[in-house]
Amino acid sequence: MQYRHAPEANHAALDAVLASAPGRPTLPVRLTVELFGRARAHLGSPATVAVWDPCCGAGVSLTVLGLLRPGISVVVGTDVDPDPLDLARRNLALLAPGGLAARASELDDLAVRHGKDSYTTAAVAARELSPRSTPERLVAVADARDPVTTRAVLGDIEPDIVLADLPHGRQTSWFGQGSTDGAGQGSPDGTEARRDRPGAPDPRGQGATGATTAAEPGPAPEVVFLRAVARVLAPQAVVVAVGRGRSVPLPSGVRALEKVRVGHRAAVLLRAGDLFRPGR
Ligand SMILES: C[S@@+](CC[C@H](N)C(=O)[O-])C[C@H]1O[C@@H](n2cnc3c(N)ncnc32)[C@H](O)[C@@H]1O
């Protein structure tokens, strides 16, 4: 893949300042910025955009975007697992006015308390950074494959871009039940989204179709995810999904805006309206 929106740069400062959740791999900074730039270009490069990461983990991708890209008015991070969301809130707080300064002071204290140079280095890095966007921030628990829950969480926010680093079955897996019928009939209060916790088996075939059996496997979890996310978006919104392997499985008949390969990752950019048309 040719990088058109993300020049090569040293992002060591970001790595020092951002907290990542153990066992939850994050997307490389340059790839995150490039995919965001491509998605924005498909929208006609509007002045401001709202970005949603429906598998946000520690919120690293959203925080990277807010730190490096201007014009992000809203960031929403949701994940079916509540565990990494405190880290997501902490990372995203770096985008608030004074957030990086507060983090630098915290790192200074840690350096004194533990006598570790790495904290001093990180404090210096935090002081060198300045966020390009200071968006409204929202972090919540939600199963990305349950459109009732995700719509309720989004409220009146209309994401322009969805950027998701999908679980890939090695360090992270798909969790949750999705909606019960694929038509958006999840649990209205979100309790269903919280029911299944990490450690559950890969729910391939148990997702939004509900009625599938072992003998009749359902659609790939990525397909269930893409359809469910598109249900809650405006048709022109752009969905970027990144997976491992040669390609991201797509619903049959759906054409991608772009497909890219980077190392062992594959990414796809799709128009929400191509993924979900009411009545189809
Ligand atoms: C590869 S990690 C994403 C890391 C994230 N991009 C970051 O910046 O920290 C995949 C995430 O998907 C989450 N996940 C798994 N099943 C999900 C589901 N049904 N709905 C929402 N998130 C899910 C996992 O809990 C995990 O945090």
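The values are calculated or read from the model by the stated rules, or taken from the named source; none is laboratory data. Keep in mind that this is a model prediction, so the values were computed, not measured. Positions of Cβ are backbone-derived with ideal geometry, glycine not excepted, and every protein chain shown enters the neighbour counts. Quick note on the areas: whole protein, heavy atoms, side chains included, nothing else; ligands and nucleic acids left out. Shrake-Rupley method; radii C 1.70, N 1.55, O 1.52, S 1.80 Å.
Can you tell me which residue in region 88-98 is farthest from the ligand (Cβ to nearest atom), limited to those that are surrounded by fewer than 21 Cβ atoms within 10 Å (Cβ to Cβ) and in a helix (DSSP H, G or I)? Only one residue fits best here, namely Ala93. Scanning region 44-57 for residues that are within 24 Å of Val141 (Cα to Cα) and open to solvent by 20 Å² or more (accessible area, probe 1.4 Å) gives a single hit, Cys55.
In contact with a His (Cβ under 7 Å, 6 or more places away or on another chain) and of a type outside the set (Asp, Glu) - does that describe any residue in region 36-56? Yes, the conditions are met somewhere in region 36-56.
Whenever a residue of region 148-169 is assigned to a loop (DSSP other than H, G, I, E, B), its partners that are among the polar types (S, T, N, Q) and open to solvent by 10 Å² or more (accessible area, probe 1.4 Å), lying with C-beta atoms within less than 7 angstrom and at least six residues away or across chains, give the pairs Pro167/Ser173. Residues in region 228-266 that are closer than 26 Å to Val80 by Cα, open to solvent by 70 Å² or more (accessible area, probe 1.4 Å) and at pLDDT 95 or above: Arg231, Pro235, Gln236. Applying the condition of being more than 6 Å from the ligand (Cβ to nearest atom) and part of a loop (DSSP other than H, G, I, E, B) to region 46-57 and asking which residue is farthest from Val162 (Cα to Cα) yields Ala47.
The rows are residues; the columns are (1) in contact with a helix residue (DSSP H, G or I) (Cβ under 8 Å, 6 or more places away or on another chain); (2) of a type in the set (Gly, Ala, Ser).
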| site | (1), (2) |
| --- | --- |
| Val74 | no, no |
| Leu92 | yes, no |
| Pro97 | no, no |
| Asp108 | yes, no |
| Ala111 | yes, yes |
| Gly115 | no, yes |
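For region 105-124, the condition of being touching a Lys or Arg at 6+ places or on another chain (Cβ under 6 Å) and open to solvent by less than 40 Å² (accessible area, probe 1.4 Å) holds for none of the residues.
All of Val60, Val80, Val64, Val75 fail the test of being more than 10 Å from the ligand (Cβ to nearest atom) and either surrounded by 17 or more Cβ atoms within 10 Å (Cβ to Cβ) or under 17 Å from Asp15 (Cα atoms) (or both), apart from Val75. Every test in (1) surrounded by fewer than 21 Cβ atoms within 10 Å (Cβ to Cβ); (2) touching a residue at least 60 places away in the same chain (Cβ under 8 Å); (3) part of a helix (DSSP H, G or I) is passed by Ala41 save one, and that test is (2). Might you check whether a residue that is within 13 Å of the ligand (Cβ to nearest atom), touching a residue at least 24 places away in the same chain (Cβ under 8 Å) and under 16 Å from Ala266 (Cα atoms) occurs anywhere in region 9-19? Taking every residue of region 9-19 in turn, none turns out to be within 13 Å of the ligand (Cβ to nearest atom), touching a residue at least 24 places away in the same chain (Cβ under 8 Å) and under 16 Å from Ala266 (Cα atoms). For the residues Ala102, Ala140, the requirement of being open to solvent by 10 Å² or more (accessible area, probe 1.4 Å) and either within 16 Å of the ligand (Cβ to nearest atom) or assigned to a strand (DSSP E or B) (or both) singles out Ala140. Residues of region 62-85 that are closer than 12 Å to Leu138 by Cα and not polar (S, T, N, Q): Leu62, Val74, Val75, Val76, Gly77, Asp79, Leu85. Does Arg69 meet the test of being farther than 24 Å from Ala152 by Cα, in contact with an Asp or Glu (Cβ under 7 Å, 6 or more places away or on another chain) and touching a residue at least 24 places away in the same chain (Cβ under 8 Å)? No.
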